[in-house]
1. Would you work out the Kirkwood radius for the chain? I mean one over the mean of 1/r across all pairs of different Cα atoms, in Å.
2. Expressed as a whole percent, how much of the Cα-Cα distance distribution for the stretch 51-146 exceeds 19 Å?
3. Placing unit charges on C-beta atoms (Lys and Arg positive, Asp and Glu negative, everything else neutral), compute the dipole magnitude of the chain about its Cα centre in debye, rounded to 20.
4. Give the peptides 79-92, 139-152, 24-37 in descending order of average Cβ contacts within 10 Å, highest first.
5. Taking θ as phi - 60°, what are the ³J(HN,Hα) couplings along the stretch 109-119 by the Karplus curve (6.51, -1.76, 1.60), each to the nearest whole Hz, with x for Gly and Pro?
6. Can you work out the FRET efficiency for the pair Lys10 and Ser61, with r the C-beta to C-beta distance and R0 = 35 Å, to the nearest 0.05?
7. Total Lys pairs in the stretch 104-172 closer than 22 Å by alpha-carbon, pairs eight or more apart in sequence or interchain only?
8. In nm, to one decimal, how far is the Cys129 label point from the Lys155 one, both placed 7 Å along Cα→Cβ?
Amino acid sequence: EQDINLSIAKRVQVLANFFGVPTAMTRPDENALDYDPSRTVRENKIADIKAREKLVNSIPSPVFLSIHLNKFSDAQYHGAQVFYSAGNVQSKPLAEQIQQCLIDGCDPLNHRKAKQADSAIYLMKKLDCPAVIIECGFLSNPAEEARLRDEAYHKQLAAAVICGYLRSQSGM
């Protein structure tokens with residue numbers, strides 16, 4: 001899962017830079033941020049999240065896009081879905097634009113709508129900037145998993161994410 005997320009995120013970064021959008025990756029490789037082998041897994045996860053928060057807050061006027069993959073016990077579920085933070089009014093229109101571009105560019109049969117993120121998700125609760133989580137699809141759906149393992153599909157997903165970001169910034 002983390003390899004697919006990173007592949008998509010790196011493509012998003014390349015496209016963003018192509019369009020003149022400066023970027024910073026919160027995780028440039030598969031390693032957790034602020035990792036310490038003497039800590040427990042839980043402690044390292046907390047340190048990683050806090051390091052991401054610190055990085056985002058160090059950037060002037062950031063927009064936080066977090067790339068993920070979904071999984072569910074029932075294999076019938078499919079489709080990318082974007083979740084937005086309640087902490088910034090720009091998060092919802094950003095999520096809606098990215099959701100629409102994911103549907104238009106990757107999966108016209110996807111009827112999912114952008115939704116507010118669960119308040120228990122630390123970064124969605126703590127960040128003041130526009131922030132979204134992009135669930136690119138379900139690894140638990142065999143057909144979608146096959147697509148998610150295809151690097152050409154990673155390019156499509158990245159293009160859709162940047163399309164939605166650019167549309168949200170232009171007020172479309």
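The values are calculated or read from the model by the stated rules, or taken from the named source; none is laboratory data. All values reported here derive from a predicted model rather than from experimental measurement. Neighbour counts are summed over all protein chains in view; Cβ atoms, including those assigned to glycine, are modelled from backbone coordinates with ideal geometry. Please note that ligands, DNA and RNA were not included when accessible areas were found on the heavy atoms of the full protein model with its side chains. Shrake-Rupley method; radii C 1.70, N 1.55, O 1.52, S 1.80 Å.
1. Value: 16.4 Å, from the Cα pair sum.
2. Counting every Cα pair in the stretch 51-146, those more than 19 Å apart make up 42 percent.
3. Dipole of the chain, to the nearest 20 debye: 420 debye.
4. 79-92, 139-152, 24-37
5. Per residue, the Karplus-derived 3J(HN,Hα) values read 8, 7, 10, 6, 10, 4, 9, 5, 5, 4, 5 Hz.
6. 0.95
7. The result is 4.
8. The answer from the label model is 2.9 nm.
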